[in-house]
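Okay, so here's the structure we're looking at.
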């Protein structure tokens, strides 16, 4: 299991294909569900995994329609699970410890709440494209007792845009020779672009503190 986890983190699709065959669909479903549904697992690959799934769909190794449907369902179910954990358990989760350490770092929730304050309800959609924030946004919505109907509407819309845009981007670019030969570099680029808004926000906050 640890070996599988390491290969998932490194987006080693060929290894997963060789060892798990068509079970890869279940694995992809679980990765997206866990990344969006468990507030303690924000570090799993999201954007880069979707793009890579699109690349392998373009080569015929994955069924594009099945990938899109399964991962969309996983994203929506994950967020809804996270929302209800936040609504029922709330901030108590930050007191839970494993081996002497808290399961969840509260600074991520603070960042997410600031994201909500700046962007309002549309943050539910925008958060889908921001690592860490995407995991904590539904939890924060639950803690804040956001209307479930309101949350669900924006969550489904955001999940659709996230899954389909990145997966189809990988699919459409999957036949570009340079991309096929440099998947690792492309994934690193996607990760960098994903965290760029957070880096910019961090630099701005540091500069404002110094100037203040």
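Considering 54, 60, the condition of being buried (at least 22 other Cβ atoms within 10 Å of the Cβ), modelled with pLDDT of 85 or more and over 15 Å from the mean Cα position of the chain (by Cα) is satisfied by 54 alone. Return yes or no: is residue 57 farther than 17 Å from residue 9 by Cα and either free of Cβ contacts under 8 Å to residues at least 12 places away in the same chain or out of contact with any strand residue (DSSP E or B) (no Cβ under 7 Å at 6 or more places or on another chain) (or both)? Yes, satisfied. Taking the stretch 129-142 as the range and being over 12 Å from residue 112 (Cα atoms) and crowded, with 20+ Cβ neighbours inside 10 Å as the test, only 142 passes. Taking the listed residues 161, 196, the one that is modelled with pLDDT under 70, within 16 Å of residue 127 (Cα to Cα), surrounded by fewer than 16 Cβ atoms within 10 Å (Cβ to Cβ) and within 19 Å of the chain's Cα centre (by Cα) is 196, with no other qualifying.
So, of the residues in the stretch 85-104 that are in a helix (DSSP H, G or I) and surrounded by fewer than 14 Cβ atoms within 10 Å (Cβ to Cβ), which turns out to be modelled with the highest pLDDT? Ranking the candidates gives 88 first.
Evaluate the following for residue 30: is it modelled with pLDDT under 90, under 26 Å from residue 138 (Cβ atoms) and either in contact with a helix residue (DSSP H, G or I) (Cβ under 8 Å, 6 or more places away or on another chain) or assigned to a helix (DSSP H, G or I) (or both)? No. Against the numbered list (1) surrounded by fewer than 16 Cβ atoms within 10 Å (Cβ to Cβ); (2) modelled with pLDDT of 85 or more; (3) assigned to a helix (DSSP H, G or I); (4) in contact with a helix residue (DSSP H, G or I) (Cβ under 8 Å, 6 or more places away or on another chain), residue 22 comes up short only at (4). Checking the stated criteria, residue 66 turns out not to satisfy the condition of being at pLDDT 95 or above, within 20 Å of residue 134 (Cα to Cα), touching a helix residue (DSSP H, G or I) at 6+ places or on another chain (Cβ under 7 Å) and surrounded by 12 or more Cβ atoms within 10 Å (Cβ to Cβ).
The values are calculated or read from the model by the stated rules, or taken from the named source; none is laboratory data. Everything numeric in this text was worked out from a predicted model, so none of it was measured. Virtual Cβ from ideal backbone geometry, glycine too; neighbours counted across all protein chains shown.
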